[in-house]
Amino acid sequence: MNSQLLLQTIANAGAVSAMYAMIAVGLTLAFGVMQMANLAHGHFFMAGAYTVYALYALHDWPFWFAVAGAVGIGAVIGLAVERGIFRPLRGDVVGGFIATAGLMFVFEVFMGEVWGWGHMRQVPSPYMRAVKFFGASVSFQRVIVIPFAIACIGGLLVFMRWFRLGRALRAVAQDPEAASLQGININRMTALAMAIAGALAGISGGIMSTIYAVTPALGGHIILPALIVVVVGGMGSVGGVTLASILLGFIITFVTTLVDGVTAMMVSVAVMALVLAIRPQGLMGHVVT
Amino acid sequence: MIYFIWMILAQSYRLIVTIHDWQLYHVVLYGVGAYTSGMLAKNLGVPVFAAIPLGGAVASLAGVAITSVLLRTKGWGFYIATYGLAELIRLSWMKFRNPFGGSTGIIDIPYPPVVAGIDFSARIPYYFFSLGVMLIIMYMLYRLERSRIGDSFKAVSMDPLLAASTGISIPRQRLLACAIGGFFAGIAGGLLVHRLGAVDPKLFNITTMLYLLIWIVVGGTNSFWGPVLGVSVMYSLFELSRPLIQIRPMFFGIAMILVLLFMPGGLEGMVAKAAVRLRRLRGVQTAEAE
């Protein structure tokens, strides 16, 4: 591996890490607030990608307007799933888990029927330029997700720490009963968490749509690494998940570049098993009683 | 034929569910059984009827191995981790072309031999052979549920602390459930592979697992008859909806969500409720007649 390829791989790994971080932070936030999470989260990502495809590639909207549309769509889907599935099934971890598994089927078929099966939808890149440093050229489109991820996750952390609503979210995550005694409306908090999760999935799906081939199977491909990131980082811990997404983003990208994608997945699952065998609650998770 | 295999899978999965270990590797264990049995028969010349239970044994070991790594992980993390480790096994079939044949799988797996004048490689004798295996397995699981072991599984799922304080070792019971369930799943795999004569990793992906979950959830898990009902009704619908193959998963996904939301006991729970109501209705009528 020469230095040029090394630099390129590092840049790619950064982009992949940023994408996983945005997806997995949404998952873990929803998990923290509801003690349940969403297997169909990868399909939210896919919905964001299709939104950008429809608005930007088909209807010639400006790229960033299309991404904003993807954020909106993601948030709306998140709200709908919270209202339709998670709220009635609150407290039933197995039920919520299996219901979102069923939701994966629904989303996949819906996208397939609307946008066509087996059609790869290619979204043209709005930024053709490449960033050059130390002789390596990295496409601008690929790394643009990194500042976005930093801004989104940083914003989320600030929101959770210094804003009343964000602190209410954390209170519900710590102890729903005590939080509701303080006058926090739990239904509104779970809705908020799912809307944020959906919006984060939508924005990352929207930005990454130019890099991935957009197919109905995209959601299923993206969900396994995202779930591994959440489990490794610790369920409910935003910081742990960010750390784990950087770790796994680098592992997956480097092994994919050096060997192949199947091996990369195997290695990351093995890392997950190792982490769980030593720390069952994940790297920075709390012990669930 | 496939119906019998589904029935064995659903019933053995329900055994694991009675201890509340919903896991997502059951279908992969079925695949482990299929691969082991097929490879033993093809490469080592083990007789088919010996290879099938050996496949079950290896699947059982694989299940125990996965669960023992994750014994301390709880709740949602456990489900995801079982999915991940199942993918690890399944991807290794795709990755290692040499023993497992890569993504195209293995072909030319031997069919069962002629025993006592009956040619088991033909369709009809094999049908009755697998029917017999299914009935034996179902009888064993039925007895097991009513035994001390079945009671201790239920105790663990209802109240782990109380169960542990009465001297039930929770990790041991969980591993035991995995071992038994995995064994029968492996046998189901053996039954499949010696009929198809081929095996590939696509047969055992997460979609198959989700269908198994749908059969079980729609059927209901509270009693032995739930999976029977679930597999009978849902698998028949599955086969009947073949013309709608593209949008079929959507129907089943919606069906499962609706069942979870509105009838938590599944079809079996509904039948039980209806039976109670009918009995009460009849009781009222006879009371009025008197």
The number of residues in the stretch A:264-274 that are surrounded by 21 or more Cβ atoms within 10 Å (Cβ to Cβ) and more than 9 Å from chain B (Cβ to nearest Cβ) is 1
Please verify whether A:L248 is more than 13 Å from chain B (Cβ to nearest Cβ), part of a helix (DSSP H, G or I) and either in contact (Cβ under 8 Å) with a residue 12 or more places away in the chain or surrounded by 24 or more Cβ atoms within 10 Å (Cβ to Cβ) (or both), treating the condition exactly as stated.
no
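Looking only at the stretch A:215-233, decide whether some residue is over 24 Å from A:A49 (Cα atoms), more than 10 Å from every other protein chain (Cβ to nearest Cβ) and in a helix (DSSP H, G or I). Explain how you work it out, then say what you get.
Taking the stretch A:215-233 as the starting set, the residues that turn out to be over 24 Å from A:A49 (Cα atoms) are A:231-233.
Applying the additional criterion that residues be more than 10 Å from every other protein chain (Cβ to nearest Cβ) yields A:233.
Checking which are in a helix (DSSP H, G or I) leaves us with A:233.
Among the residues of the stretch A:215-233, at least one is over 24 Å from A:A49 (Cα atoms), more than 10 Å from every other protein chain (Cβ to nearest Cβ) and in a helix (DSSP H, G or I), which makes the answer yes.
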Give A:G102, A:G72, A:G84 a once-over and let me know the one that is part of a helix (DSSP H, G or I), more than 14 Å from chain B (Cβ to nearest Cβ) and either at pLDDT 85 or above or surrounded by fewer than 18 Cβ atoms within 10 Å (Cβ to Cβ) (or both).
A:G72
Considering residues that are farther than 15 Å from B:A179 by Cβ and either surrounded by fewer than 24 Cβ atoms within 10 Å (Cβ to Cβ) or within 14 Å of chain A (Cβ to nearest Cβ) (or both), the number found within the stretch B:25-34 is 2
Of B:G269, B:G230, which residue is in contact (Cβ under 8 Å) with a residue 24 or more places away in the chain, buried (at least 18 other Cβ atoms within 10 Å of the Cβ), under 26 Å from B:G31 (Cβ atoms) and not hydrophobic (A, V, I, L, M, F, W, C)?
B:G230
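This table checks each residue for (1) under 23 Å from A:N187 (Cβ atoms); (2) modelled with pLDDT of 85 or more.
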| site | (1), (2) |
| --- | --- |
| A:F65 | no, yes |
| A:V76 | yes, yes |
| A:L79 | yes, yes |
| A:W115 | no, no |
Qualifying residue in the stretch B:58-78 (condition: within 14 Å of chain A (Cβ to nearest Cβ), closer than 22 Å to B:L196 by Cβ and at pLDDT 80 or above):
yes
Residue in the stretch B:198-214 that is more than 19 Å from B:A86 (Cα to Cα) and modelled with pLDDT of 85 or more present
no
Single residue of the stretch B:35-90 satisfying the filter (of a type in the set (S, T, N, Q) and part of a helix (DSSP H, G or I)) that is surrounded by the fewest Cβ atoms within 10 Å (Cβ to Cβ)
B:N43
Residue selected from the stretch B:193-212 under the condition surrounded by 24 or more Cβ atoms within 10 Å (Cβ to Cβ) and part of a helix (DSSP H, G or I), by the criterion farthest from the other protein chains (Cβ to nearest Cβ):
B:H194
B:K95 meets each of (1) away from chain A (no Cβ under 12 Å); (2) without any contact (Cβ under 8 Å) to a residue 60 or more places away in the chain; (3) over 22 Å from the mean Cα position of the chain (by Cα) with one exception, condition (1)
For B:A50, are the conditions met, namely being under 21 Å from B:M138 (Cα atoms) and without any contact (Cβ under 8 Å) to a residue 60 or more places away in the chain?
yes
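The values are calculated or read from the model by the stated rules, or taken from the named source; none is laboratory data. Everything numeric in this text was worked out from a predicted model, so none of it was measured. Please note: Cβ atoms are built from the backbone with ideal geometry, for glycine as well, and neighbour counts cover all protein chains shown.
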